[in-house]
1. Once phi is turned into ³J(HN,Hα) by the Karplus curve 6.51 cos²θ - 1.76 cosθ + 1.60 with θ = phi - 60°, what whole-Hz value does each residue of the range B:86-101 show in order, with x for glycine and proline?
2. Please identify every one of the trypsin sites (Lys or Arg not before Pro) in the range A:5-113 that sits in a loop by DSSP and has no more than 15 other beta carbons within 10 Å of its own beta carbon.
3. Any idea what diffusion coefficient the range A:56-113 gets from Stokes-Einstein, in µm²/s, Kirkwood Rh on alpha carbon pairs, 20 °C, 1.002 mPa s?
4. Starting from the amide H of B:S83, placed 1.01 Å from N in the peptide plane, find each other amide H under 5 Å away whose residue is 5 or more places distant or on another chain.
5. Which entries of A:K42/B:K98; A:K83/B:K45; A:K78/B:K45; A:K57/B:K2; A:K83/B:K91 have Cα-Cα distances beyond 23 Å here?
6. If you find the alpha carbon centre of the range B:37-111 and of the range A:1-29, how far apart are they in angstrom?
7. Which value, in Å², gives the accessible area per residue of the range A:33-113 when a 1.4 Å probe is used on the protein heavy atoms?
8. Report the trypsin sites (Lys or Arg not before Pro) located in the range B:1-98 that are in a DSSP loop and have at most 14 other Cβ atoms inside 10 Å of their Cβ, or state none.
Amino acid sequence: EPEVTQTPSHQVTQMGQEVILRCVPISNHLYFYWYRQILGQKVEFLVSFYNNEISEKSEIFDDQFSVERPDGSNFTLKIRSTKLEDSAMYFCASRTDLNEKLFFGSGTQLSVL
Amino acid sequence: RKEVEQDPGPFNVPEGATVAFNCTYSNSASQSFFWYRQDCRKEPKLLMSVYSSGNEDGRFTAQLNRASQYISLLIRDSKLSDSATYLCVVKTDGTASKLTFGTGTRLQVTL
């Protein structure tokens with residue numbers, strides 16, 4: 001089965017630093033997402049991206065967050081100035097169509113110290 | 001009221017037991033419903049979609065009651081490998097068709 005690939009699997013950073021989380025969605029997919037899961041809590045929607053623009057974002061996705069699809073394969077999440085509360089597992093996901101199955105990557109565990 | 005509400009458990013059951021999980025959702029405009037499975041520190045994986053008519057996949061049966069905004073999952077003949085967290089997930093159609101997750105119900109199957 002095709003896979004969504006995320007790198008790195010673990011990222012440790014100091015508070016206030018910028019981090020970029022990388023994802024390679026499945027090649028023929030058109031809709032891209034970031035979700036996050038704080039330890040012990042539920043998976044939460046952050047942002048969706050389609051046709052090179054954000055289609056929807058949650059309240060969590062404030063000005064410190066941005067997403068980009070810089071080329072035909074990568075989809076990145078940038079956090080400009082990390083806070084302790086940004087520590088979480090970040091999942092990238094993609095799908096071909098809004099009615100099709102959503103494929104999740106294995107996640108990046110971000111630890112902000 | 002939480003958008004998707006589940007009993008967090010844990011449910012500790014012996015191998016071979018039947019166990020049922022329930023979930024309620026608050027948004028009556030929700031269109032699609034799913035059960036996902038999540039192993040510790042792993043990504044959620046789709047277990048099955050849930051339909052009003054009820055659907056079965058091997059030992060797993062899911063049911064949706066739209067009037068009560070209630071979703072259920074039944075696992076028969078539990079295996080050790082079923083130990084995981086089961087996430088109730090609701091999709092609301094729109095520009096993103098985002099998924100809204102419950103906090104999950106932890107299942108531990110023991111010998």
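The values are calculated or read from the model by the stated rules, or taken from the named source; none is laboratory data. Only a predicted model underlies this, so the values are computations on that prediction, with no experimental measurement involved. Note: ideal-geometry Cβ built from the backbone for every residue, glycine included; neighbour counts use all protein chains shown. Just the protein is used for accessible areas: all its heavy atoms, side chains included, with ligands, DNA and RNA removed. Shrake-Rupley method; radii C 1.70, N 1.55, O 1.52, S 1.80 Å.
1. So the J values, rounded to whole Hz, are 9, 9, 8, 9, 10, 10, 10, 5, x, 5, 10, 6, 5, 9, 10, 9.
2. Answer in residue order: A:R80, A:K83, A:K101.
3. Numbers: Rh = 13.1 Å.
Result for D is 163 µm²/s.
4. Here B:V109 satisfy the definition.
5. Values: A:K42/B:K98 14 Å; A:K83/B:K45 29 Å; A:K78/B:K45 25 Å; A:K57/B:K2 19 Å; A:K83/B:K91 30 Å.
In this structure, A:K83/B:K45; A:K78/B:K45; A:K83/B:K91 exceed 23 Å between Cα atoms.
6. Here the answer is 26 Å between Cα centres.
7. Numbers: 3670 Å² over 81 residues.
That works out to 45 Å² per residue.
8. On the way: sites: B:R1, B:K2, B:R37, B:R41, B:K42, B:K45, B:R59, B:R66, B:R76, B:K79, B:K91, B:K98; in loops: B:R1, B:K2, B:R41, B:K42, B:R59, B:R66, B:R76, B:K79, B:K98.
Passing sites in the range B:1-98 are B:R1, B:K2, B:R41, B:R59, B:R66, B:R76, B:K79.
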